[in-house]
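One structure below.
The values are calculated or read from the model by the stated rules, or taken from the named source; none is laboratory data. Everything quoted here is computed from the prediction, not taken from an experiment. Positions of Cβ are generated from backbone atoms using ideal geometry, with glycine treated the same way; all protein chains shown enter the neighbour counts. For accessibility, only protein heavy atoms count, side chains too; no ligands or nucleic acids. Shrake-Rupley method; radii C 1.70, N 1.55, O 1.52, S 1.80 Å.
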Amino acid sequence: MLPSLAEVVPFVNSYDYGYSGGVGGGVRYAPVPAACNEVPGAWKEVPGAWKEVQGRLDDQFGIRFFKKSVGYGGTNTRLRKVIRKLTRGEPVSVGMLGGSITGGSNMPPGSPPESTWYGQFMQLLKEAFPGDHEYKATGIGGFGSDHFAWCASEYLLDRHDLIVIEHAVNDLYDREVQAVFEAELRSLLSRPDRPAVVVIEFTDLFPHSGTLQNGGSSQIDVARFYDVPFLSLRNPLMPEFIAHPDRIADFFGRDWNDHEGIVNTRHPSHRGHFAMGSVILHHMLVELDTMIRESALEFDPEELSPPEHDDVTLSDWSALVTTMEELAEWKVTDHTEYLEETQWGSELYAEDIPRISLTSRFDLSRSESVFLGRCDALNGTRTKLTFETIDPGKKFGDDLSVLDEAGEGWVEWYSTQSFLSKFYVRTTAHLAIVKFDIDVWGRGDVAITYLRSKRFGLGNARCWIDDDEAHAVEFQGAWEELDINVGQQKLVASKVSEGRHQLYCQTVWGNDFRIIDVETM
């Protein structure tokens, strides 16, 4: 059972949930005419204290804070389905995926998992809409889109109404990582349960990019393309930190292993977590307000339907146009009228997932498959990674497999951080070889996720499939410039035939290499 907010508060002395008057100075909208606040017909029976919760959050943070937190609001098509369930008094299921922020890093010792942003969100949700709501949250330090694009199903239930993802701090501000984030988003949106997806971004003062831009700066572009709400704490907080540096410590956690409790500028404090959870729920409550007002205006997007036309509609482009040259020759007849009569952005059209990804070129002759992978990890909930060290002395190419000083090769090893543990298949022996039995399917991609760090003295390894050591791929454990510790995913091979195969990895430089999981699709 989730603790109450009052039970969470004592973990930080003199902790409160926002500045009096709001973070941004408490800017308020002009009063709404009373007639506009009248709740029409069916909406009068909406259960819960959602209006009271919304008002309290507005008082605690200020409306300007929430306005600035909406990087992209969108049509909220899928989110409205979740809201409708809540207004009918039905329970909802929420899944959360993220890194060390979701895992609760740098929270005060003894803080319960429920004091993180997802726990705060669920507590507020239950207060606004009482019910037996369920959730499943996974936060693993150093993990971002490149892991969850392959492995999201390992950490989610079979059915969720809403999935919230938090990868902005761990994801690099990079075109390749943006493409991987898009693959994860396409996969989540294509699930059979058709969940609503929301992207939440915290902020860090020193992102990997060397600027104030983190992975969220590229994620928002993808979110807009798929009409997925993108909510950000960077937008309302960063200007405040610049203008009032003394407020930085209020929203960031501390390195509690340090006796001085130095502020950690990558992970939120209790207040930061509460702000994240509040932003998500507040966005839903504002959307509910909008739905009620639309109903008062007798506007129902679900009743919209496209006009009848004998001519070609836009959905027939794929059958007619395959090149830009053909597109230039295609004559538009009555499509102007069609566009004027059709409510674009309504629920009628927003359900569609574009068959061409944002990070690919415009080519109507192709249709991209959904990214659905299989992930084997030591802490996997559906499939567990198994491995074995090759017998010492067994020859592979010019090298022999060896053991470390303790007489071990590759071992199951974990480090505890925050509320969750990080599990690795690790070796500290030079030239040690590990073997994984894997099942390959689909398009035949095989990849591993491994730890990269500048601090841990990690070495390099090479991996290959079956006896194809000639095409081994090398993996670099140490960063040359970035002072971060994150998991990174990289392909070993593509177009591998379906069926059972062996994946081999061997350290080739240094004595420490850590594999997180093996992915196939």
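Less than 5 angstrom separates the built amide H of I163 from those of G95, A196, V197, V198, all sequence-distant by 5 or more or on a different chain. Computed over protein heavy atoms with a 1.4 angstrom probe, the accessible surface ordering of T265, T102, largest first, is T265, T102.
Less than 5 angstrom separates the built amide H of F143 from those of S100, G487, all sequence-distant by 5 or more or on a different chain. Solvent exposure of region 100-207, expressed per residue, is 27 Å² of accessible area, with all protein chains present and a 1.4 angstrom probe.
Residues whose amide H falls under 5 Å from that of V508, counting only those 5 or more places apart or on a different chain, are L431, N460, A461, R462, with hydrogens built in the peptide plane.
Each residue of region 276-292 was assigned a 3J(HN,Hα) from its phi angle through the Karplus expression (A = 6.51, B = -1.76, C = 1.60, θ = phi - 60°), giving 4, x, 5, 4, 5, 5, 4, 4, 5, 5, 5, 5, 4, 4, 5, 4, 5 Hz with x at Gly and Pro. Simple spin-label estimate for D363 and S494 gives 1.1 nm between the two label positions (7 Å along the Cα-to-Cβ direction from each Cα).
Annotation: average projected area of region 59-142 is 7.2 square nanometres, based on the convex hull of Cα atoms across all directions. Derived value for region 92-196: Kirkwood hydrodynamic radius 14.4 Å. Basis is the mean of 1/r over every pair of different alpha-carbon atoms.
Shape class for region 155-202, computed from the alpha carbon gyration tensor (a ≥ b ≥ c): prolate, with a/c not under 1.5 and a/b above b/c. Two numbers describe the Cα atoms of region 51-101: Rg and Dmax, which are 13.9, 35 Å. Determine the alpha carbon to alpha carbon distance for each of K51/K81; K126/K422; K51/K126 and list only those over 21 Å. Among K51/K81; K126/K422; K51/K126, the Cα-Cα distance tops 21 Å for K126/K422. Residue by residue, region 460-477 carries 3J(HN,Hα) couplings of 10, 9, 10, 10, 8, 9, 6, 9, 8, 5, 4, 10, 4, 10, 8, 10, 9, x Hz when phi is fed to the Karplus relation 6.51 cos²θ - 1.76 cosθ + 1.60 (θ = phi - 60°); x denotes Gly or Pro.
Residue-wise HN-Hα couplings along region 357-366, as the Karplus relation 6.51 cos²θ - 1.76 cosθ + 1.60 with θ = phi - 60° gives them from phi, are 6, 5, 8, 10, 7, 6, 8, 6, 7, 10 Hz; Gly and Pro carry x. Report note on the peptides 112-118, 57-63: ranked by the mean count of other C-beta atoms within 10 Å, highest first, their order is 112-118, 57-63.
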